[in-house]
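**Student:** Below you will find the structure I want to go over with you.
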């Protein structure tokens, strides 16, 4: 009988208390790391939206330049207004050139230059303006509102 007790004492292993302590320590570490990781994820999504906004700006400028060329080449007395240029632009071409999935609105001036782009994706809105550059905000913050549909003009 004493031999059985000695054999049980010689067995190696963890007690229930030791396992619970390890699990509590892991839970505390996870609670500290999760907010930090979500901050990195939000920052990455914001940078992605800025990058996609740049692609929309370049695609819109390409489409606006082509539309400007069409407007000026159709007739010598044709008025090159922003409305005429926008009428010749295709939002589907902009979307396929930019290869983006978000929603955008583009504003063009009478010279065929993109003056403003508003792009929304992943809960962020990026607004490009020719004077100010690129600005991002989370949807619902500040003065930017989410764009509801694809549109060449806002």
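The values are calculated or read from the model by the stated rules, or taken from the named source; none is laboratory data. The structure presented is a predicted model; accordingly, all values stated were derived computationally and were not measured. Virtual Cβ from ideal backbone geometry, glycine too; neighbours counted across all protein chains shown.
**Student:** Taking the conditions exactly as written (out of contact with any strand residue (DSSP E or B) (no Cβ under 9 Å at 6 or more places or on another chain) and exposed (fewer than 12 other Cβ atoms within 10 Å of the Cβ)), does residue 33 satisfy them or not? Walk me through how you get there before you give the answer.
**Tutor:** Values: out of contact with any strand residue (DSSP E or B) (no Cβ under 9 Å at 6 or more places or on another chain): yes; exposed (fewer than 12 other Cβ atoms within 10 Å of the Cβ): yes.
Here the answer is yes, as residue 33 does meet what is asked.
Yes or no, residue by residue, for (1) at pLDDT 90 or above; (2) buried (at least 16 other Cβ atoms within 10 Å of the Cβ); (3) out of contact with any strand residue (DSSP E or B) (no Cβ under 7 Å at 6 or more places or on another chain):
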| site | (1), (2), (3) |
| --- | --- |
| 38 | no, no, yes |
| 43 | no, no, yes |
| 57 | yes, yes, no |
| 74 | no, no, yes |
| 78 | no, no, yes |
| 92 | no, no, yes |
| 97 | yes, yes, yes |
| 104 | yes, yes, no |
| 136 | no, yes, no |
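**Student:** Let me ask something else about it. Could you please let me know if residue 108 is surrounded by 16 or more Cβ atoms within 10 Å (Cβ to Cβ), in contact (Cβ under 8 Å) with a residue 12 or more places away in the chain and either in contact with a helix residue (DSSP H, G or I) (Cβ under 9 Å, 6 or more places away or on another chain) or over 20 Å from residue 135 (Cα atoms) (or both)? Give the derivation first.
**Tutor:** On the way: surrounded by 16 or more Cβ atoms within 10 Å (Cβ to Cβ): yes; in contact (Cβ under 8 Å) with a residue 12 or more places away in the chain: yes; either in contact with a helix residue (DSSP H, G or I) (Cβ under 9 Å, 6 or more places away or on another chain) or over 20 Å from residue 135 (Cα atoms) (or both): yes.
When the stated conditions are applied, residue 108 passes them.
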